[in-house]
Each structure stands twice: as structure tokens, then as C-alpha cells.
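What follows is a short report on a single structure.
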Amino acid sequence: MLIKPTERGLYCRAGDFYIDPWRPVERALITHAHADHARPGHGRYWTAAPGEALLRHRLGADIDCSGVAYGESLRFGDAQVSFHPAGHILGSAQIRVEAGGEVWVASGDYKRAHDPTCADFELVPCDTFITEATFALPVYRWSSSAEVAREVAAWWRDNAAAGRASVLFCYALGKAQRLLAELGQRDDLPAERAFLHGALVPLTQVYRAAGIEMLATEPVSAQPKDRDWSTALALAPPSAAGSRWMRRFGEHRSGFASGWMRIRGNRRRRGYDRGFVLSDHADWPGLIDTIKATGARRVLATHGRTDVLVSYLRQRGITAEPLVTDYADGPEREDS
């Protein structure tokens with residue numbers, strides 16, 4: 001195998017490097033800045049240039065990190081390597097590795113839908129495709145993010161008309177900024193700005209510094225204690241639900257933006273008033289269409305419903321098997 005799992009991560013012997021390693025290594029190629037893929041303690045990091053600022057924000061400004069332009073070819077030992085847009089979050093990348101007459105692509109996390117906050121997914125032909133399987137069930141099918149933004153805007157308007165604050169829970173890196181970018185393109189909002197939980201503020205600033213246009217925001221913490229929140233929209237990470245931080249909003253309605261909201265029971269179990277189906281991962285058709293389009297003769301599926309995806313592909317004559325990794329999956333992951 002050109003790339004194989006080890007106790008430290010996915011290792012390429014031909015180039016003597018790891019892809020998204022979960023234990024400290026000397027040379028780490030990183031697909032994107034989410035914590036399950038980008039971990040501290042490595043000797044040197046390489047990542048796609050648009051994601052370098054996010055990686056430094058999360059792991060430290062002084063890490064030894066090289067930002068690589070999309071499509072630029074690098075040489076590691078006997079392996080030729082390049083980074084290609086994955087469409088997941090700002091700076092996310094698939095990593096193409098060529099050695100010994102074989103081409104492998106490690107997808108990291110990816111989505112096929114357009115996202116105004118990052119480069120669109122680029123199809124990269126290969127012999128072996130390492131794909132995520134986070135939402136590998138036929139029930140998971142996404143509407144456009146513009147349609148979801150329309151639903152959020154209508155919900156916000158209805159709450160504001162009733163004198164209730166709107167608190168929208170979403171993941172701090174990627175999802176919050178995507179929502180702000182989509183809302184920023186609308187002219188039917190109750191207000192010209194939204195408010196952010198402190199965990200979302202620095203990451204949103206990184207996106208703004210990268211030139212991403214979004215709805216104007218202010219930190220919740222910068223507002224006076226007696227502020228009237230009755231018509232406001234506040235974005236917060238899921239960890240803020242049920243916390244003392246919520247008390248300031250008084251009467252409010254809560255929503256959660258995630259692909260997991262496709263299953264209504266998830267919303268009820270977690271106590272949200274409204275669920276918005278918005279994911280930064282490929283849905284079922286996106287996974288299947290991508291795998292077919294790569295032309296890969298072999299597919300390795302990781303983190304998610306690998307059992308369902310592998311079975312589906314095998315039934316259609318594609319060599320497929322699960323690949324055990326240490327990446328997160330399930331409703332508690334930070335980027336769904």
C-alpha cells in the first residue's frame with residue numbers, strides 16, 4: 001500500500017511523511033484545521049496555503065508550517081505530492097500522492113456543494129481513493145446552503161416579530177462562517193448584524209482577514225448587560241447550550257445547523273426548537289458521484305458509516321474496504 005494506517009497515522013513510506021497523523025511525527029501533511037485532523041506536536045507541517053492562518057491560529061503561530069498553493073507539486077523522497085481543494089472549510093485540501101506508478105488521493109473531509117467561504121471541490125482522478133464516510137446513508141441528502149439561509153432568515157424574522165431572541169448553534173470553524181457568508185448575501189434580515197459567542201470570534205476574524213465577505217458581527221461579550229436581545233440573532237457553539245451564557249437572552253428560540261438535523265430525532269433528543277440541515281460534508285449522492293468520477297479502482301472508507309458505503313460499492317463491482325483511523329465521527333464531531 002502506498003499509504004497505510006499505523007499507530008501514528010496514515011503513513012507514506014515512499015515519501016516518509018504522514019497525512020493528518022494523530023500522534024506526533026516529524027513530517028505531517030494536513031488536509032484541514034479541524035482538531036481531529038490537525039493536532040499539535042509534529043515537527044513540520046505542510047498544508048494548503050489558504051488554510052495556513054487557521055492552522056497557526058489553532059496550533060500556535062510559531063509552528064514550523066509551509067503553506068502550499070493548490071496544485072503545486074512537491075517532492076518527498078520518491079513521492080510526488082500536491083494539494084487540491086476539498087470544499088470542506090477554508091483551506092481544506094485533498095492530498096494527491098504519486099509514487100511507483102500509482103496515484104492515491106486522501107480526501108480528508110469534503111463536500112461537493114458550493115460554499116462562499118472556500119474553494120470548490122476539485123475532482124482528482126486516482127487509482128486509490130481514501131474517502132470519508134461521515135454521512136454515508138441514503139437518507140442524507142442536502143438542500144443548497146442558500147435555501148438553508150432563507151430558512152434561517154425566515155426563522156429569525158418570525159422570532160423577532162414575536163419579541164424573541166434567536167440563538168443558532170453551529171460549529172465554530174467552518175459552519176458559523178458559512179452561515180454568516182450566506183446570510184450576508186440576503187436583504188430580508190431583521191438586522192444588519194449578528195452577535196457571536198466568544199469561541200466564534202477569533203475564527204471569524206481569520207476568515208475576514210482572508211477576504212471572506214460575511215454578515216457584520218459583534219461579540220456578545222461586548223454588549224451592555226441590560227441590552228435588549230428580543231430581535232437579535234446570536235451564533236454559538238453547541239457547548240453553550242444550557243450554560244449560564246444563555247441566561248442573558250431571556251425569552252428565545254434555539255436552532256442547530258448541522259447535517260445531523262436531517263434526522264428529526266436528533267433535534268428532539270438535544271432539545272433544540274428548530275433544526276437546519278446544513279453540513280460541510282458530502283451527502284450520500286455526493287459521496288457516490290465523487291467515488292465514481294475519480295475512476296478509482298480501489299476505495300478505502302474512513303470515519304463514518306464505512307460499513308454501508310463499502311457494502312454498496314462492493315455490490316457494484318468496486319473494490320472497497322474500511323480504513324480504521326482516529327478521526328472523529330458521529331453527532332458530536334465539531335464540523336458536521
Legend entry - Of residues in segment 256-311 being hydroxyl-bearing (Ser, Thr, Tyr) and in a helix (DSSP H, G or I), the one surrounded by the fewest Cβ atoms within 10 Å (Cβ to Cβ): SER311
Inset, instruction - Could you check how many residues of segment 209-255 are in a strand (DSSP E or B) and either of a type in the set (A, V, I, L, M, F, W, C) or touching a residue at least 40 places away in the same chain (Cβ under 8 Å) (or both)? - result: 9
Legend entry - Selection status of LYS225, closer than 25 Å to ARG248 by Cα, buried (at least 16 other Cβ atoms within 10 Å of the Cβ) and charged (D, E, K, R): no
Inset, instruction - Residue by residue through segment 230-271, note down the ones that are of a type in the set (Ser, Thr, Tyr) and over 30 Å from ALA86 (Cα atoms). - result: SER230, THR231, SER243, SER254
Legend entry - Flag if GLN185 is within 25 Å of the chain's Cα centre (by Cα), at pLDDT 95 or above and polar (S, T, N, Q): yes
Inset, instruction - Would you confirm whether any residue within segment 157-179 is within 23 Å of ARG270 (Cα to Cα), outside the structural domain of ALA48 (by TED's automatic domain parsing), over 23 Å from the mean Cα position of the chain (by Cα) and free of Cβ contacts under 8 Å to residues at least 12 places away in the same chain? - result: yes
Inset, instruction - Could you tell me which residue of segment 81-128 is surrounded by the fewest Cβ atoms within 10 Å (Cβ to Cβ), considering only residues that are under 16 Å from the mean Cα position of the chain (by Cα) and of a type in the set (S, T, N, Q)? - result: THR117
Inset, instruction - Go through segment 312-331 residue by residue and tally those that are at positive phi and in a helix (DSSP H, G or I). - result: 0
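Residue-wise test of (1) under 18 Å from SER279 (Cβ atoms); (2) part of a loop (DSSP other than H, G, I, E, B).
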{"position": "HIS34", "(1), (2)": "yes, yes"}
{"position": "TRP46", "(1), (2)": "no, no"}
{"position": "ALA53", "(1), (2)": "no, no"}
{"position": "ILE95", "(1), (2)": "no, no"}
{"position": "ASP120", "(1), (2)": "yes, yes"}
{"position": "PRO125", "(1), (2)": "no, yes"}
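The values are calculated or read from the model by the stated rules, or taken from the named source; none is laboratory data. Values in this document were obtained by computation on a predicted structure and should not be read as measured data. FYI the Cβ positions are ideal-geometry reconstructions off the backbone, even for glycines, and counts take in every protein chain you see.
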